[in-house]
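Read through the structure below, which is laid out as structure tokens, and then see the notes.
The values are calculated or read from the model by the stated rules, or taken from the named source; none is laboratory data. Small disclaimer: the values here were computed from a predicted structure and weren't measured. A quick note on method: Cβ atoms are made from the backbone with ideal geometry, for glycine too, and the neighbour counts reach across all protein chains shown.
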Amino acid sequence: MAVAEEIRASSETLLDRKATRRPANLGQIIRWTILFLGGILMVMPIAFMISTSLKWPHEVYNLNLIPEEPTLDNYRYVLEDGRFYWWFLNSLIIATITTLSNVFFDSLIGYTLCKFRFPGRYIVFIAILSTLMIPTEMLVIPWYLMSQQFGWLDTYWGIMFPGLMTAFGTFLMKQFFETVPDDFIEAARIDGLNEFQIWWTVAMPLVRPALAALAIFVFLGNWTAFIWPLIVTNSTEHYTLPVGLSSFGDEADVAWELIMTGAAISTLPTLIVFLIFQRFIIRGVVMAGLKG
Amino acid sequence: MADVSLMKLVKAYDRTEVLHGIDLNIEDGEFVVFVGPSGCGKSTTLRLIAGLEEVTSGEIRIGGRVVNNLEPKERDIAMVFQNYAIYPHMSVRKNIGFGLRTAKMPKSDKDKRIEEVAEILDMSALLDRKPSQLSGGQRQRVAIGRAMVRDPAVFLFDEPLSNLDAQLRTQMRLEIKKLHQRVGNTIIFVTHDQVEAMTMADRIVIMKDGYIQQVGTPAEVYHKPANTFVAQFIGAPSMNMLPGAVNGGSVRLDTGAEVALGHRLESGRRVVLGVRPEDLAPDIDGAALVEGQVMVREPLGHETLIYVGAGDAEIIAKADGRLPPELGETVSLTADPANIHVFDAASGEALT
């Protein structure tokens with residue numbers, strides 16, 4: 001009985017608190033308004049993408065968000081066009097291999113730079129970091145010349161090679177390995193593991209959130225990559241999804257409704273990946289920022 | 001089991017020498033504690049023995065074998081770290097069994113060994129838990145278990161109790177000592193806590209600035225300190241130091257008091273007399289070593305520490321817990337000459 005009364009009393013207190021909650025002040029209203037507008041700004045392109053994918057060609061340049069005569073014909077057309085699946089598969093293969101490669105090599109380099117003391121370590125790290133300051137546009141020409149000389153033009157390898165290891169990934173992983181106490185590494189060394197085993201068995205499981213974050217960044221980056229795949233590929237069977245989608249239409253006109261349909265479909269895998277792993281992305285970014 | 005010998009061991013980082021030729025023999029099955037203030041080189045010595053640091057010069061022998069160029073895994077040692085170093089992603093069972101990963105033995109034997117160790121450490125019920133579900137003391141036991149499972153010749157402990165609270169530290173101290181009595185392996189234990197050193201060691205190695213100051217049993221280092229550093233480092237509260245000059249068969253303290261010595265030293269020599277707080281007693285026959293007012297009292301229940309102002313010096317003494325002198329009261333304290341330590345004022349070395 002006493003307990004029941006106590007519970008009732010405490011719940012009443014809670015209700016009272018709720019009832020007497022202070023009204024939002026001007027600052028809060030301004031903050032919410034800015035956030036709301038920001039949210040709208042972020043969502044609009046996606047909304048227009050979906051809206052356009054449901055429109056007929058004659059309605060594409062009409063800016064209304066709700067199509068006058070919604071149709072699924074665009075989806076039918078894109079999904080029945082065999083090239084779409086081919087490009088989807090190309091993107092999937094390239095993004096997956098690049099992701100695995102980055103997870104492996106970036107973490108291996110990051111671990112080495114973090115946990116081993118050797119002459120020139122700092123210079124190597126700075127050299128890697130400095131490449132972050134070079135924009136992709138500047139690198140495209142040397143990559144192209146290199147691909148041409150090695151016969152990599154219009155091949156999967158040609159599309160993938162620039163992104164198999166990244167300075168950003170190396171930096172991210174190095175910062176994460178800083179959080180792994182040296183005692184773990186030394187304990188494993190005393191227990192008889194070799195350096196590769198220590199990295200794989202002890203260090204890697206301890207930086208799983210960073211690996212997940214890196215994997216998502218790399219996968220999304222390669223899934224949406226456009227400029228380099230466009231330059232290095234010639235034949236439609238080597239196109240990635242973004243390059244393939246941009247080829248919809250003819251010389252006279254761009255078939256925006258089909259491009260938007262393909263884009264909407266191609267967004268789904270990344271959306272799923274993001275929804276599953278978003279907490280790792282946030283953690284990865286926060287850690288990289290804190291430790292940087 | 002094995003003995004450990006350090007011969008003229010030197011360690012330098014670039015041009016900075018941190019260990020200056022350490023010589024030490026540790027007997028097979030002995031429990032040796034390295035103690036000293038931060039930066040004295042005790043952990044570095046341990047890491048050199050473990051093979052985690054490279055020796056600059058000198059020799060390390062484990063079981064008669066020179067191990068300078070051997071990898072840690074080839075030295076037949078196991079180490080317990082200050083931060084436990086138990087892997088958070090593995091269960092207690094996997095953590096304890098980690099040391100057996102590279103051991104060439106059947107899985108059933110490995111499992112049996114893990115369970116034996118868990119039983120010794122009273123952890124059988126916790127084998128399937130993750131480290132995050134364990135208390136500090138239990139984590140420390142897992143770390144010890146991981147070292148034990150390999151049955152190494154030498155156990156190395158690097159300040160393993162520093163992260164535990166006072167009560168748990170006392171308990172773990174006792175457990176490690178019992179463990180040593182049970183398994184009998186050679187143990188080298190590093191700590192900065194002189195109480196840990198005194199209570200656990202067969203022999204204590206006191207270090208300062210990369211030099212060994214004294215090696216001896218707890219009783220030896222307490223009752224016969226080799227120099228003023230050891231005298232003040234071992235024992236809490238620290239030994240009182242009273243400077244003075246030799247005057248025939250006695251010492252005239254700078255405070256003016258005259259203290260008779262049991263033996264003769266050259267007259268005029270500057271010395272420092274060391275007296276432990278518990279050796280100071282109220283003076284009843286007019287031969288006070290120290291006379292002054294009680295400045296501070298620290299009641300500890302069974303006894304009270306009193307801080308007596310004697311000239312520029314502050315002397316600590318232990319008084320009866322029930323009837324301590326009042327604050328501001330003038331007290332005269334003396335000590336049995338047999339309990340007075342004499343050190344050379346310049347070198348700090350013991351003269352008796």
Checklist entry - Is the stretch A:103-126 home to any residue that is closer than 30 Å to B:VAL149 by Cα, in contact with a Gly (Cβ under 9 Å, 6 or more places away or on another chain) and surrounded by 20 or more Cβ atoms within 10 Å (Cβ to Cβ)? => result no
Checklist entry - Taking the stretch B:56-73 on its own, how many of its residues are touching a residue at least 12 places away in the same chain (Cβ under 8 Å) and surrounded by fewer than 20 Cβ atoms within 10 Å (Cβ to Cβ)? => result 11
Checklist entry - Do any residues in the stretch B:195-224 that are closer than 18 Å to B:ARG169 by Cβ and touching a residue at least 24 places away in the same chain (Cβ under 8 Å) have Cβ atoms under 8 Å from those of residues that are aliphatic (A, V, I, L, M) and surrounded by fewer than 18 Cβ atoms within 10 Å (Cβ to Cβ), where the two are at least six apart or on different chains, and which pairs are they? => result B:VAL195/B:ALA236
Checklist entry - For the subset of the stretch A:139-178 comprising residues that are buried (at least 21 other Cβ atoms within 10 Å of the Cβ) and of a type in the set (Val, Ile, Thr), which member is nearest to A:ARG117 (Cα to Cα)? => result A:THR170
Next on the checklist: Considering only the stretch A:120-138, I want to know if a residue exists there that is at pLDDT below 95 and closer than 30 Å to A:GLU257 by Cα.
Outcome noted: yes
Next on the checklist: With under 27 Å from B:GLU74 (Cα atoms) and among the hydroxyl-bearing types (Ser, Thr, Tyr) as the only criterion, which of B:THR228, B:THR255, B:THR199, B:THR186 stands out?
Outcome noted: B:THR186
Checklist entry - What are the residues in the stretch A:157-187 that are among the β-branched types (Val, Ile, Thr) and within 14 Å of chain B (Cβ to nearest Cβ), if any? => result A:THR179, A:VAL180, A:ILE185
Checklist entry - For B:ARG129, all conditions in the list (1) surrounded by fewer than 18 Cβ atoms within 10 Å (Cβ to Cβ); (2) in a strand (DSSP E or B) hold save one; what is the number of the exception? => result (2)
Checklist entry - Among the residues of the stretch B:72-83, which ones are at the interface with chain A (Cβ under 8 Å from one of its Cβ atoms) and out of contact with any Asp or Glu (no Cβ under 6 Å at 6 or more places or on another chain)? => result B:PRO72, B:LYS73, B:ILE77, B:ALA78, B:MET79
Next on the checklist: Being of a type in the set (Gly, Ala, Ser) and within 21 Å of B:VAL221 (Cα to Cα) is the requirement here; does B:GLY29 meet it?
Outcome noted: yes
Checklist entry - Scanning for something in contact (Cβ under 8 Å) with a residue 24 or more places away in the chain and in a loop (DSSP other than H, G, I, E, B), does the stretch B:293-311 turn up at least one residue? => result yes
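Here's the yes/no breakdown for (1) exposed (fewer than 14 other Cβ atoms within 10 Å of the Cβ); (2) under 25 Å from the mean Cα position of the chain (by Cα); (3) among the hydrophobic types (A, V, I, L, M, F, W, C):
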site	(1), (2), (3)
B:GLN213	no, yes, no
B:TYR222	no, yes, no
B:ALA231	no, yes, yes
B:SER238	no, yes, no
B:ALA245	no, no, yes
B:ARG252	no, no, no
B:VAL272	no, yes, yes
B:VAL275	no, yes, yes
Next on the checklist: Testing A:TRP152 on (1) among the aromatic types (Phe, Trp, Tyr); (2) part of a helix (DSSP H, G or I); (3) over 21 Å from the mean Cα position of the chain (by Cα), one condition comes back false. Which one is that?
Outcome noted: (2)
Checklist entry - In this structure, does B:VAL80 turn out to be free of Cβ contacts under 8 Å to residues at least 12 places away in the same chain and within 30 Å of B:GLU17 (Cβ to Cβ)? => result no
Checklist entry - Limited to the stretch B:226-258, what total is found for residues that are part of a loop (DSSP other than H, G, I, E, B) and touching a helix residue (DSSP H, G or I) at 6+ places or on another chain (Cβ under 8 Å)? => result 6
Checklist entry - Which of (1) farther than 18 Å from B:GLU159 by Cβ; (2) without any contact (Cβ under 8 Å) to a residue 60 or more places away in the chain does B:GLY184 not meet, given it meets every other one? => result (2)
Item to check | Matching residues in the stretch B:139-181 - criterion: being part of a loop (DSSP other than H, G, I, E, B) and either closer than 23 Å to B:MET198 by Cβ or not assigned by TED's automatic domain parsing to the domain that holds B:GLY99 (or both) | outcome: B:GLU159, B:PRO160, B:LEU161, B:SER162, B:ASN163, B:LEU164, B:ASP165
Checklist outcome for this item: Considering the stretch B:1-28, residues that are part of a loop (DSSP other than H, G, I, E, B) and free of Cβ contacts under 8 Å to residues at least 60 places away in the same chain, and then whichever is farthest from B:ASP76 (Cα to Cα), we arrive at B:ARG15
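Table: residues versus (1) within 14 Å of another protein chain (Cβ to nearest Cβ); (2) β-branched (Val, Ile, Thr).
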{"position": "B:LEU6", "(1), (2)": "no, no"}
{"position": "B:VAL10", "(1), (2)": "no, yes"}
{"position": "B:VAL33", "(1), (2)": "no, yes"}
{"position": "B:SER38", "(1), (2)": "no, no"}
{"position": "B:SER43", "(1), (2)": "yes, no"}
{"position": "B:ARG61", "(1), (2)": "no, no"}
{"position": "B:MET90", "(1), (2)": "yes, no"}
Next on the checklist: So for the stretch B:108-124 (the condition being within 9 Å of chain A (Cβ to nearest Cβ), of a type in the set (D, E, K, R) and surrounded by fewer than 19 Cβ atoms within 10 Å (Cβ to Cβ)), does at least one residue qualify?
Outcome noted: no
Checklist entry - Among the residues of the stretch B:134-147, is there at least one that is hydroxyl-bearing (Ser, Thr, Tyr) and facing chain A (nearest Cβ under 8 Å)? => result no
Item to check | Filter pass, A:ILE272 being over 30 Å from A:GLN175 (Cβ atoms), of a type in the set (Val, Ile, Thr) and under 22 Å from the mean Cα position of the chain (by Cα) | outcome: no
